[in-house]
């Protein structure tokens, strides 16, 4: 049977919304609200935080770029200084360090025959000439010994000394030992004077000067060329005896020679040595 509602539209009873549809609408509205809230939070909190992070990263980037530029400058400065040091080393190696040469010669040749602890074989060496001309060094003198057999070997022993000599210690260490001994003497002298006169200062002027000099010496580190053997300073094959003549030994005026002339030989080798320096 078919029911037909003949009432006018305005007088008809409205149908209620079905429950499932109503729930669907509510869920849709809830979802839209949640999405809107998320968009609100994202726009008000997440985006500003990301912007702040971007600003911070850009600042760090600028800092790193500045550090990188500084490191590049430091690296360039290191390279420049390395080249400079290499150049200086090259010049240093190519020049003759006369202080080193003369210091080694002084150690090789015993000038003072009275130093028996260093001259147990009673060998005597005197230089009467020493000439350096650019890279060439010549010297002349007398060489002899109390033992006649050893006296005959003196010229060759002298050459062997130049070939084998190596510094026993750095020059500044020897100077430090000498200054320490002088300082001990200065302290003892000042203490003795203060016993007689307590008003004197605790440190005398000489003691203060020695301490200052010791401070300077301790800051010196020569190493390098100072510790090289003498032979390393020579052009290979250039060290040689120019001549050696057995002759009467003149009086040299050395300490001990006048006091005990019987200990000194009357004849010696008059020698001349030549060498070329690097």
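From the list 12, 93, which residue is surrounded by 10 or more Cβ atoms within 10 Å (Cβ to Cβ), under 30 Å from residue 234 (Cβ atoms) and either in the same structural domain as residue 162 (by TED's automatic domain parsing) or at pLDDT below 70 (or both)? Steps first, please.
On the way: 12 fails: under 30 Å from residue 234 (Cβ atoms).
Residue meeting the stated conditions: 93.
Sort through 130, 137, 150, 158 and tell me the only one that's at pLDDT below 85, in the same structural domain as residue 102 (by TED's automatic domain parsing) and within 30 Å of residue 246 (Cα to Cα).
After ruling out the rest, the residue left standing is 150.
The values are calculated or read from the model by the stated rules, or taken from the named source; none is laboratory data. Just so you know, these numbers come straight off a predicted model, no measurement behind them. As a convention, Cβ positions derive from the backbone with ideal geometry for all residues, glycine included, and neighbour counts pool all protein chains shown.
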